[in-house]
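As C-alpha cells, the structure follows; a few thoughts come after it.
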Amino acid sequence: MTRQSKRSSVSRRKFLLASGGLGVAGLAGCTQQNTGGDESGSDGTDSGSQALAGDISIAGSSTVFPLATAMAQRFQETHSDVNISLQSTGSGGGFANYFCTGQTDFNNASRPIQPEEEDQCAGSDVEPVELKVATDALTVIVNNDNDWIGEGLTVEELKQIWSADTSPEMWSDINSEWPDEPFELYGPSDASGTYDYFHEAILGEETSHRQDYSPTEQDRTIIQGVTGSKYAMGYLGFAYYSENQDSVQAVSVKDGEGEYVEPSLETALSGDYTPLSRPLFTYPKVSALQEAHIEAFTRFWMENATSREIVAEEVGYVPLSEDEQQAMLTRIDDAVGGSN
C-alpha cells in the first residue's frame, strides 16, 4: 500500500470543505451566496447572453456533487440571475425520488442509468440524455495506523471482506497474520452509484453486498469513521480521499495476476487501476434543455469538462478528452434539435 502524493491546492481544499461534504447545497438565493472562484476557462455561452435567468435543479450522486458545484459556481459568476440548487441524494435516490418523477432538471450519477430507472422516467415523460463528465478512481481507504496489509489488497480479498456470503468478522479471518480484531466498515448506502459500482466491480452479480456496515450518503462520514478506528475500512470517490490524504490511507488494489496499483488520476486515465476506475455522468432531461438557461449551463459544463484546472486540480477527477467532449456536445445538439 502506498500513500498518494500530496497534490492538494488551497482553492480545492477550501471548496470541498465548504461544500463537497454537505448533503444539500443551494448555490444561489438565500441558501448560499455565490463565492466566486478561479478563472473558469470557456464561458460556454454567448458573451452577450447576460439576460439568462431561471432556476436549475440538480439531484443525484454525491461523487459528482463537488464537480457539479464547481461548474455551477463558475456559471453563476457571469449569469447571476440563474439559480442552481444541488442535492446530494445518491445516484439511485436521485433517479427514483427526484429526476424520474419530473421534479429535477438533472440527475448526477456515478454509474449508468438502469433499465428500471429508464422505465420510471418514461412513465413520467422524462427523457434523459446521458452525458459523461469525468472519470473517477473509486478508492478503498483504511486507518493511518493500519500497518499490516502491506502492498495492498487483492480484488479477491476485497470480495471476501465485503461479501454477505462470507461476512468475516475479524481481519484475521482474511489472513491469519493480520490482527485478531473486528472489522469496522463504512461505505455508501445502496441508493448510491458508488455502492452499485463497487458491488458490480468487486462482488459481481451473483454475490450480495454485506449489510452489517455503516452506510451513509455523506462521504465525510466515511472519512470520519475510518479516521476514528485503527481497524476500519471504507470506500468512496477519489475526490474525497484526495482532500483527506493526511487523515486516511488509500489502498492499492491488485486485479488478477497484475501488480498492486494505487488509485490516482494517472492510473485511472491509463486504465491501470482496475477494476475500480469508472465514468461519471450527469443526465439532463430533454424537456429541460429546451429552456435557454438550462441549455447554456449544460453546454458550459461540457465545454469545461476537459479543463484540468477545474476537473483534476480543483475537484480531483480525470477530465474528458477532446473527442469525448465533442461527442457530449453533439448529444446536446441532438437533444435540443430533436425536440424542436
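Miscellaneous remarks
- The residue list 290, 218, 245 contains one member that is closer than 29 Å to residue 165 by Cβ and in contact (Cβ under 8 Å) with a residue 40 or more places away in the chain, which is 218.
- Taking the criterion of being in contact with a strand residue (DSSP E or B) (Cβ under 7 Å, 6 or more places away or on another chain) and either under 16 Å from residue 136 (Cα atoms) or open to solvent by 20 Å² or more (accessible area, probe 1.4 Å) (or both), the only residue of segment 239-248 that qualifies is 241.
- Flag: residue 236 matches the condition of being surrounded by 22 or more Cβ atoms within 10 Å (Cβ to Cβ) and not acidic (Asp, Glu).
- Qualifying residue in segment 32-41 (condition: touching a Ser or Thr at 6+ places or on another chain (Cβ under 6 Å) and at pLDDT 95 or above): no
- Test: residue 216 is surrounded by fewer than 20 Cβ atoms within 10 Å (Cβ to Cβ) and either β-branched (Val, Ile, Thr) or under 30 Å from residue 306 (Cβ atoms) (or both): no
- Residue under evaluation residue 63, criteria (1) outside any helix (DSSP H, G or I); (2) open to solvent by 10 Å² or more (accessible area, probe 1.4 Å), criterion not met: (2)
- Scan of segment 229-281 for residues that are more than 19 Å from the chain's Cα centre (by Cα) and of a type in the set (Lys, Arg), ordered by number: 230, 254
- Selection from segment 167-193 of residues that are closer than 16 Å to residue 225 by Cα, among the hydroxyl-bearing types (Ser, Thr, Tyr) and part of a loop (DSSP other than H, G, I, E, B): 189
- Unique match (being in contact with a His (Cβ under 9 Å, 6 or more places away or on another chain), free of Cβ contacts under 8 Å to residues at least 60 places away in the same chain, open to solvent by 30 Å² or more (accessible area, probe 1.4 Å) and among the charged types (D, E, K, R)) among 205, 184: 205
- Cβ-Cβ contacts under 7 Å between residues 6 or more apart (or on different chains), taken from a first residue in segment 259-270 that is surrounded by fewer than 19 Cβ atoms within 10 Å (Cβ to Cβ) to a second residue that is assigned to a strand (DSSP E or B), are listed as 260/253; 260/254; 269/135; 269/318.
Residues are listed down the side, and each one gets a yes or a no for (1) surrounded by 24 or more Cβ atoms within 10 Å (Cβ to Cβ); (2) at pLDDT 95 or above; (3) assigned to a helix (DSSP H, G or I):
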residue	(1), (2), (3)
76	no, yes, yes
95	yes, yes, yes
120	no, yes, yes
142	no, yes, no
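- Unmet criterion (only one of (1) among the β-branched types (Val, Ile, Thr); (2) more than 27 Å from residue 98 (Cα to Cα); (3) at pLDDT below 95) for residue 161: (3)
The values are calculated or read from the model by the stated rules, or taken from the named source; none is laboratory data. None of the values given here were measured: they were computed from a predicted structure. Cβ sites come from the backbone with ideal geometry, for glycine too, and all protein chains shown count toward neighbours. For accessibility, only protein heavy atoms count, side chains too; no ligands or nucleic acids. Shrake-Rupley method; radii C 1.70, N 1.55, O 1.52, S 1.80 Å.
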